[in-house]
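Take a look at the structure set out below.
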Amino acid sequence: MKKNLQKVMSLLCVSAMSLSMIAGCGGGNNGGTTTTETPAATEETSVEETTAAEETTEETAEETTEETAEEETTEEATEDTAAADGESTPRNETLYEAGQQWGTINDWNPMSANSNNGLALSANESARELVYETLFMFNALDGKLYPLLGSEYSWNDDQTELTVTLNSDAKWSDGSAFTAEDVAYTYDTHVKYQSSQGADFSTYVDSVEAVDDSTVLIKAKVENGVAVNPLKVTSILNTMYMMQKAYLQTVEERNGEDADKVKQDTMEDLVHTGPYAPYISNDQKAVLQRDDNYWGQASSMWGKLPVPKYIAHTIYKDNAAGQVALSQGEVDVCQQFITDVQNLWLEDDLPISTWLDDAPYGACEVMPSMFFNTEREGLDQKEVRRAIAMAVDYEQIIASAMSGQSPTFAEYPRSVVGPTDGERKYVDFDAIADLQWDNADVDGANKLLDDAGIVDSDGDGIREYNGKNLSFKAECPTGWSDWNASMEIVAAAGEKIGIDIQTYFPEASSFYDDMTTCNFDICMWSTPGAGVMNPYSKGMFYFSEEYAKLASNWSGNFGHYMNDDAEKILEALPSETDEAKLKEYYTELSRILLDECPAVALMYRPTLFYAVNESVWTNYPAADDGRNIPPTDCTDGYGIAALYELELVE
């Protein structure tokens, strides 16, 4: 599977980004109704599965000295349990993942704001399609939407109505037909109970209606005869998980239609359309089991079942534990940052490979960024935010935290867009050159603060603002080693300019609570990757006031930065088609981002890390294999097609 593809990354990124913009606009400009051709699903060839790392239990010395008989009984029971568990998910039937699930799953509810369910619920541009399914799957390689529960979609001439035709073979796990009523009720329920998606989409979608059993009509909200945001409306196709109307009504009834209770329902008795169902879920691991009655084996879809019978994910403490498991063949697909990943095959001679042989080893599309809480005193001053940004040693982040798995900001200067030609064509970098800063410009940062009168007046080494020391916490989830290292470098930069920044690495679930409710000083999160809305989605990520106003905000602008000029541009972008005007808009957004620094990109990075161990399974997607399956860990968007082509190693 190894390859020599130094040119592939740039070609891949250009194709993905440019085509995603075309797809997002809903087709061509000809008169009449524009139908988007959805490519047929790739035919699958083989079976594959991977299972896992055994959990180890540490027992205390005190216990071993006291009750020998009880201990022997416990050991026997433990052995029996382990044997049963091993038999329930045989290694040659199980695909083991790492880097998706951190901590215990809380629920299986797509409307929940605190599911902590990375294995099943990841409704981004390339949604995780294992348990619940979206209408279409996004493919980051070509920027197209591929059919799943939906077979085709089309916009009317002025992009105010989006018609979706459903796959007539699609069924729920209880055997009932998937219909347009389910689509409409899914959307209406999100809106009724104001889930994060419901609150978000209701700004742009007027209604979702069932025309007949197999036809859905999505009406865009219109202002002055123009759809408010056709890009956003299109994205509902690949980001919203479908739920069964009858099941949702059951959930509503047992919770008395109380919004909080409905959104907090664990949905352990879920009805779903996806190829896998919950099987094991505890604080040690999570396992999904294939539904052998899955509708997707129909000839209109995949024509067969996915190869692995089980998808399993051991709950690792941190990246290091996941990497050890990958090296030992206990993990098959690893979505984790691995320092010097190339050494796994170059020095250790392990059967491990990545999407690309050479750095950055994956397709860089996102920008992990630090957000400043602009509602916190001190951080509400742009001079403080910009000074911190200027003082950071980004080259150290790339060299040490990322081990070179990122282009530099010297190669790709900062802006609101990513490091791909498909996005960078929308920014005039000469026009914002004077706002760029040198790497680790400590002198410039100190001067900026001094000139603003933000000084250390009491000689304790920390500057004050309004008589209070500038002291902040910089946080991201514990165990995310590359992000943790990045935040440490940010903290070190603060020390050099008289700002006290302490790192704080809580468990992922606690961090999510902090980030989504603006309960932080400085936090870190990634921009959207490839999608039907790029680069618009990145502008929204940094600036959207609508996101900031969400009670539980997973979408962006986590620091609640407000800028009227940026908001006006965001309102104009979705309906704008003139290339020159688009460039003007994105250049201005970049100017605001660099001048005001509400958030600052710390690196460029692949949307998903992707390293595979081929000791059990093989035939994983590779950049040069011609199959057009993206490296989204065999689970996300059209990347799930990989599950139908895996083969056991003989």
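The values are calculated or read from the model by the stated rules, or taken from the named source; none is laboratory data. No experiment lies behind these values; they were computed from the predicted model shown. All Cβ positions, even for glycine, are placed from backbone atoms using ideal geometry, and neighbour counts span all protein chains on display.
Going by the structure shown, is Gly256 at positive phi and free of Cβ contacts under 8 Å to residues at least 60 places away in the same chain? Against the criterion (at positive phi and free of Cβ contacts under 8 Å to residues at least 60 places away in the same chain), Gly256 qualifies.
Being part of a loop (DSSP other than H, G, I, E, B) and modelled with pLDDT under 95 is a property that holds for Ala551. Selection of the stretch 555-581 for residues being buried (at least 19 other Cβ atoms within 10 Å of the Cβ), of a type outside the set (S, T, N, Q) and at pLDDT below 95 yields Leu573, Pro574. Among the conditions (1) surrounded by fewer than 18 Cβ atoms within 10 Å (Cβ to Cβ); (2) in contact with a Pro (Cβ under 8 Å, 6 or more places away or on another chain), Asp358 misses just one, which is (2). When the test is whether a residue is in contact (Cβ under 8 Å) with a residue 12 or more places away in the chain, of a type in the set (Ser, Thr, Tyr) and closer than 28 Å to Asn553 by Cβ, Ser369 passes it.
Candidates in the stretch 277-315 are the residues that are of a type in the set (Val, Ile, Thr) and in contact with a helix residue (DSSP H, G or I) (Cβ under 9 Å, 6 or more places away or on another chain); of these, the one that is surrounded by the fewest Cβ atoms within 10 Å (Cβ to Cβ) is Ile280. Pairing each residue of the stretch 430-457 that is surrounded by 14 or more Cβ atoms within 10 Å (Cβ to Cβ) and part of a loop (DSSP other than H, G, I, E, B) with any residue that is acidic (Asp, Glu) and modelled with pLDDT of 95 or more, provided the two are 6+ apart or on different chains, yields C-beta distances under 6 Å for Asn439/Glu395; Ala440/Asp393; Ala452/Glu383. The set of residues in the stretch 582-606 that are in contact with a helix residue (DSSP H, G or I) (Cβ under 7 Å, 6 or more places away or on another chain), within 19 Å of Asn439 (Cβ to Cβ) and buried (at least 20 other Cβ atoms within 10 Å of the Cβ) comprises Ser590, Leu593, Leu594, Cys597, Ala599, Val600, Leu602, Met603.
If you check Thr189 against the conditions, is it in a helix (DSSP H, G or I), of a type in the set (Ser, Thr, Tyr), on the phi < 0 side of the Ramachandran plot and out of contact with any Pro (no Cβ under 9 Å at 6 or more places or on another chain)? For Thr189, the condition - in a helix (DSSP H, G or I), of a type in the set (Ser, Thr, Tyr), on the phi < 0 side of the Ramachandran plot and out of contact with any Pro (no Cβ under 9 Å at 6 or more places or on another chain) - is met. Taking the conditions (1) in contact (Cβ under 8 Å) with a residue 24 or more places away in the chain; (2) assigned to a loop (DSSP other than H, G, I, E, B); (3) over 25 Å from Ser590 (Cβ atoms) in turn, Asp514 satisfies each one other than (2). In the stretch 627-638, the residues that are basic (Lys, Arg) reach residues that are at pLDDT 95 or above and not in a helix (DSSP H, G or I) with C-beta atoms within less than 8 angstrom, at least six apart or across chains, in these pairs: Arg627/Pro621; Arg627/Glu645.
For the stretch 543-566, does any single residue satisfy the condition of being within 22 Å of Glu365 (Cα to Cα), free of Cβ contacts under 8 Å to residues at least 40 places away in the same chain and not acidic (Asp, Glu)? Looking through the stretch 543-566, at least one residue is within 22 Å of Glu365 (Cα to Cα), free of Cβ contacts under 8 Å to residues at least 40 places away in the same chain and not acidic (Asp, Glu). Going by the conditions given, is Asp625 among the charged types (D, E, K, R), surrounded by 24 or more Cβ atoms within 10 Å (Cβ to Cβ) and either outside the structural domain of Phe371 (by TED's automatic domain parsing) or farther than 19 Å from Tyr146 by Cα (or both)? In short, no.
Only one entry of Val216, Val211, Val183 meets the criterion of being crowded, with 19+ Cβ neighbours inside 10 Å, in the same structural domain as Phe136 (by TED's automatic domain parsing) and in a strand (DSSP E or B), and that entry is Val216.
Residues in the stretch 633-650 that are assigned to a loop (DSSP other than H, G, I, E, B) and at pLDDT 95 or above: 6 in all. Annotation note: of Pro413, Pro419, Pro477, the sole residue that is within 30 Å of Pro535 (Cβ to Cβ) and in contact with a strand residue (DSSP E or B) (Cβ under 7 Å, 6 or more places away or on another chain) is Pro419. Kindly evaluate Asp380 against the criterion of being over 20 Å from Glu97 (Cα atoms), among the acidic types (Asp, Glu) and assigned by TED's automatic domain parsing to the domain that holds Met524. Yes; evaluated as a whole, the condition is true for this residue.
Of the residues making up the stretch 589-632, just one is at pLDDT below 95, aliphatic (A, V, I, L, M) and within 30 Å of Glu567 (Cα to Cα), namely Leu608.
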